[in-house]
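The values are calculated or read from the model by the stated rules, or taken from the named source; none is laboratory data. It should be emphasised that the depicted structure is a prediction, and the values quoted were computed from it without experimental measurement. Positions of Cβ are backbone-derived with ideal geometry, glycine not excepted, and every protein chain shown enters the neighbour counts. Just so you know, the surface numbers come from the protein's heavy atoms only, side chains and all, with ligands and any DNA or RNA stripped out. Shrake-Rupley method; radii C 1.70, N 1.55, O 1.52, S 1.80 Å.
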Amino acid sequence: MLKIKGLKIGRVILSMVVISCYFVKAMAQFTNHGPQVFAAAIQGSHFLSDGKGKEYVFTVVRGVPARLIGYELNSNSMIVNSLLPGTDGAWDMEVSSDNRIYVSGNGKMYSYTLGDTMINDLGVVLPGQKVVWDLVAGKDGKIYGGTYPSAQVFEYDPKTGFRDVGNGALKSGEEYVRSIAYDKKKHRIYAGLGSHAAFVELDLKSKRKQDLLADEDKDHEFVYDMELVAGLPGGDRIFGWLNSAKGLETFVYNISSCKYEQRLPSIELKSMVKDLNSHKVYYTAGGTLYMMDFKDANPEAKELAKVAGRGRAGFLDAQGNYKVLTSLHRVLTINVKTGKILDDMLLDVPKAPISIQSIFWGPDGKVWSAGYLAGNHGTFDPTTSEHMDYPGLHQTEGMSSLGDKIYFGNYTKAEIFSYDVTRPWNTATGNPKFLGAIKNQDRPFAVLPVKSRNEMLFGTITGYGQLGGAIAHLNVDTEKLESFVNVIPNQAITSLIEFDGHIIGGSTIFGGLGSVPVENRGRIFEWDPENKKVLWTDSIADYWSVSGLFIGPDKGMWGFADGALIKYDPKSKKTLFKREIYSYKEKPSHIWRNGLAVTHPNGLIYFTLTDRLYSYDLVKDELKELRDNASLMVLGADGKIYFRQGTDLWSYTPSE
């Protein structure tokens, strides 16, 4: 744990910003408590040689904004540390045929030339694209990339800029081109798609598209990574990494014979490299360096050395040694003949603030914040203004507590952890403790303690491209986790609440990203925790979702139906109140966690919805917008309302 006294964290100064709003008996005020979650998570990475004997490694550190850092390996000296404006991370990095570095971003692409001190922002790759997932080098300095949400492939020519080379989506109905490879002999692109896996061959001249994915793989979610290895006997091969709730595996496809040749376990394909003087291919997987020699008719993976961390990039240096940059910021140099680690260099990777994904008031009297994508947690102690770091867990979607334990519902694979706040945080010794995963699910947003049963309940969103959700019961004494899937057919579970001794839930017609809803209305329902079944369901008009259920100042049950604040009576099955706050102009890609609300001791409802903070006075029927750029929320025992603004935790002290 990193304990930070006062307000200075590295180069980040957590300035206490107090904004006066209005005066009544006491002043209402907003206070910025600064960034809460920090990480040194590296993403897209690549080695580079200058052709004069010097070797370098470059990587992107996730943060707001992300930054490109690069090191000269002989001296382990940082040569560049440049912000990536408009991007919080990079899924890939590529070196072009003219030895320039290209970095993917949030719908953008960036370039860097060795010797420069700053990265060059090349702008948006194609209109409407939010993420550039993967990059591959083409001929004559060109770069190809795959996008989300329109599943497009673009070409970047340094002379002419960006253009769509696939005439729109590579496959109708899909959103992600998650991986990409280029065959320079045939001038073809091979792309891995999701969230319903596809393996598409695109002829860049004729624009013909063909899905090559084997039938047995079509129930996967993604062809997540891809690497083309050229110059092998019998034809060039594509290694494709399949990733889904079904499992992780790698296929080997011969693009000359058009046949699938092998099935391998999960491989870290970004670490893969071929020896130019032989038919040997090197890669890391699960903490091990492997070699496959394709001179053999049936090549098998041979273990060479143990490697700590996941391989982010691989490289064969001038001496024929294998270098790998790992997720633990280490550059290992390995003699591929002996398997001996010749050098183990630790890079000085700076931490960066990351966006807050969820907020919770813990049983320790602290505000807990969870980080987006890079994971990790941080706490803010309102009594001392002290911040502490809690590293080691992945992205937490939902948190709640029972007794002295906090329960975390994490993405991906809906993993469940518990943390005893009376003991030190140490992932190595099981505090937090992994309790299990909810099968075929991804995001446990709804987390509900049921004290009378000594249970925690979790409501989930299913995996990519899938519909349906689950409710899981965790017995906190036995730590037995039991799940019940698709309890509301084809709908995911967004909210759970205990109301008048009953468990009430809300659902959404939307499933995992990339799925297509088949239902028209979200549901409000009662769950029988004893017999583990739904007792009844109802809908709120024609709304797609019911979320953010809470108990109002009048002791009634309130919540949100899409962008409307509602009050619902479970006994009469009637909607007693509805106020439209926000109206969707068209159906969005998903509605999961929408509005979040609390009832304050002053008798008002405070809630966040569509990045705005509101108050609502039931007695006066008065709605006020208090602040924009505000989301999530939790009510502290100190009477303050805590919410996020990007990486920063803010509090609002209502007037008395």
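Take residue 467 and tell me if it is open to solvent by 40 Å² or more (accessible area, probe 1.4 Å), modelled with pLDDT of 95 or more, over 24 Å from residue 62 (Cβ atoms) and under 23 Å from the mean Cα position of the chain (by Cα).
Yes, satisfied.
Just to be sure before I move on: is residue 277 outside any strand (DSSP E or B) and open to solvent by 10 Å² or more (accessible area, probe 1.4 Å) in the structure I sent?
Taking the combined requirement at face value, the residue satisfies it.
Which numbered condition trips up residue 364, out of (1) closer than 29 Å to residue 221 by Cα; (2) out of contact with any His (no Cβ under 8 Å at 6 or more places or on another chain)?
(1)
Mind listing just one residue for me: the one in the range 431-442 that is open to solvent by 30 Å² or more (accessible area, probe 1.4 Å) and within 23 Å of residue 366 (Cα to Cα) and, of those, farthest from the chain's Cα centre (by Cα)?
433
Consider the range 517-533. How many of its residues are open to solvent by less than 50 Å² (accessible area, probe 1.4 Å), under 24 Å from residue 596 (Cβ atoms) and either touching a Ser or Thr at 6+ places or on another chain (Cβ under 7 Å) or not in a loop (DSSP other than H, G, I, E, B) (or both)?
Selection size over the range 517-533: 5.
How many residues are open to solvent by 20 Å² or more (accessible area, probe 1.4 Å), over 15 Å from residue 223 (Cα atoms) and not small (Gly, Ala, Ser) when one looks only at the range 137-151?
Final tally of qualifying residues: 4.
Considering the range 238-267 alone, what residues qualify as being farther than 18 Å from residue 194 by Cα, in contact with an Asp or Glu (Cβ under 8 Å, 6 or more places away or on another chain) and surrounded by fewer than 23 Cβ atoms within 10 Å (Cβ to Cβ)?
The answer is 252, 254, 255, 256, 263, 264, 265.
If you scan the range 535-552, which residues turn out to be over 22 Å from the mean Cα position of the chain (by Cα) and closer than 26 Å to residue 358 by Cβ?
Those that are over 22 Å from the mean Cα position of the chain (by Cα) and closer than 26 Å to residue 358 by Cβ: 540, 543, 544, 545, 546, 549, 550, 551, 552.
For the range 346-401, give me each residue that is under 30 Å from residue 333 (Cβ atoms), hydrophobic (A, V, I, L, M, F, W, C) and open to solvent by less than 30 Å² (accessible area, probe 1.4 Å).
Answer for the range 346-401, where residues must be under 30 Å from residue 333 (Cβ atoms), hydrophobic (A, V, I, L, M, F, W, C) and open to solvent by less than 30 Å² (accessible area, probe 1.4 Å): 347, 349, 352, 374.
If you take the residues in the range 159-185 that are among the hydroxyl-bearing types (Ser, Thr, Tyr) and surrounded by 16 or more Cβ atoms within 10 Å (Cβ to Cβ), which one is farthest from residue 133 (Cα to Cα)?
Step by step, filter the range 159-185, then rank; the result is 182.
Output the number of residues of the range 628-649 satisfying the condition of being closer than 27 Å to residue 544 by Cα, open to solvent by less than 50 Å² (accessible area, probe 1.4 Å), without any contact (Cβ under 8 Å) to a residue 60 or more places away in the chain and not hydroxyl-bearing (Ser, Thr, Tyr).
Of the residues in that region, 1 qualify.
What residue, of 266, 271, 257, is touching a Phe, Trp or Tyr at 6+ places or on another chain (Cβ under 6 Å), of a type in the set (Ser, Thr, Tyr) and without any contact (Cβ under 8 Å) to a residue 60 or more places away in the chain?
That would be 271, the only listed residue that is touching a Phe, Trp or Tyr at 6+ places or on another chain (Cβ under 6 Å), of a type in the set (Ser, Thr, Tyr) and without any contact (Cβ under 8 Å) to a residue 60 or more places away in the chain.
Among the residues of the range 282-295, is there at least one that is among the hydrophobic types (A, V, I, L, M, F, W, C), farther than 30 Å from residue 71 by Cβ and either in a strand (DSSP E or B) or open to solvent by 30 Å² or more (accessible area, probe 1.4 Å) (or both)?
No, that holds for no residue.
Would you please name the residue that is farthest from residue 223 (Cα to Cα), looking only at residues in the range 453-481 that are outside any strand (DSSP E or B) and without any contact (Cβ under 8 Å) to a residue 40 or more places away in the chain?
Here the residue is 477.
Does the range 186-232 hold any residues that are buried (at least 18 other Cβ atoms within 10 Å of the Cβ), of a type in the set (Asp, Glu) and more than 17 Å from residue 261 (Cα to Cα), and which are they?
201, 221, 225
Going through 278, 266, 195 one at a time, which residue ends up being of a type in the set (Ser, Thr, Tyr) and more than 25 Å from the chain's Cα centre (by Cα)?
Selected residue: 278, the only one of 278, 266, 195 that is of a type in the set (Ser, Thr, Tyr) and more than 25 Å from the chain's Cα centre (by Cα).
Looking at this structure, is residue 601 open to solvent by 40 Å² or more (accessible area, probe 1.4 Å), over 20 Å from residue 645 (Cβ atoms) and at pLDDT 95 or above?
Considered against the rule, which asks whether it is open to solvent by 40 Å² or more (accessible area, probe 1.4 Å), over 20 Å from residue 645 (Cβ atoms) and at pLDDT 95 or above, residue 601 comes out as yes.
Looking at 481, 448 in this structure, which one is in contact with a strand residue (DSSP E or B) (Cβ under 6 Å, 6 or more places away or on another chain), at pLDDT 95 or above and crowded, with 20+ Cβ neighbours inside 10 Å?
None of the others qualify; the one that does is 448.
Kindly indicate whether residue 87 is at pLDDT 95 or above, surrounded by 14 or more Cβ atoms within 10 Å (Cβ to Cβ), part of a strand (DSSP E or B) and in contact with a strand residue (DSSP E or B) (Cβ under 9 Å, 6 or more places away or on another chain).
no
Please state which one of 432, 489 is touching a residue at least 40 places away in the same chain (Cβ under 8 Å) and either in contact with a Phe, Trp or Tyr (Cβ under 7 Å, 6 or more places away or on another chain) or not polar (S, T, N, Q) (or both).
Step by step, each of 432, 489 is checked, and only 432 is touching a residue at least 40 places away in the same chain (Cβ under 8 Å) and either in contact with a Phe, Trp or Tyr (Cβ under 7 Å, 6 or more places away or on another chain) or not polar (S, T, N, Q) (or both).
Tell me, which strands (runs of 3 or more DSSP E) lie completely within the range 99-214 with 2 or more residues that are touching a Ser or Thr at 6+ places or on another chain (Cβ under 8 Å) and touching a residue at least 24 places away in the same chain (Cβ under 8 Å)?
101-104, 108-112, 131-137, 143-148, 153-157, 176-183, 188-194
Taking the range 253-274, which residues are in contact with a Gly (Cβ under 8 Å, 6 or more places away or on another chain), in a strand (DSSP E or B) and under 21 Å from residue 210 (Cβ atoms)?
Once the filter is applied, which keeps residues that are in contact with a Gly (Cβ under 8 Å, 6 or more places away or on another chain), in a strand (DSSP E or B) and under 21 Å from residue 210 (Cβ atoms), the range 253-274 yields 253, 254.
From (1) within 19 Å of residue 247 (Cα to Cα); (2) in a strand (DSSP E or B), pick out the condition that doesn't hold for residue 219.
Unmet condition: (2).
What residue, of 320, 314, 339, is more than 26 Å from residue 179 (Cα to Cα), touching a residue at least 40 places away in the same chain (Cβ under 8 Å) and open to solvent by less than 30 Å² (accessible area, probe 1.4 Å)?
The conditions single out 339.
If I filter the range 386-399 for residues that are assigned to a loop (DSSP other than H, G, I, E, B) and without any contact (Cβ under 8 Å) to a residue 24 or more places away in the chain, do I get at least one hit?
Yes, the range 386-399 contains at least one residue that is assigned to a loop (DSSP other than H, G, I, E, B) and without any contact (Cβ under 8 Å) to a residue 24 or more places away in the chain.
To keep it simple, each residue is scored yes or no on (1) open to solvent by less than 30 Å² (accessible area, probe 1.4 Å); (2) touching a Lys or Arg at 6+ places or on another chain (Cβ under 6 Å); (3) touching a residue at least 60 places away in the same chain (Cβ under 8 Å).
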{"position": "571", "(1), (2), (3)": "no, no, no"}
{"position": "579", "(1), (2), (3)": "no, no, no"}
{"position": "586", "(1), (2), (3)": "no, no, no"}
{"position": "595", "(1), (2), (3)": "yes, no, no"}
{"position": "615", "(1), (2), (3)": "yes, yes, no"}
{"position": "626", "(1), (2), (3)": "no, no, yes"}
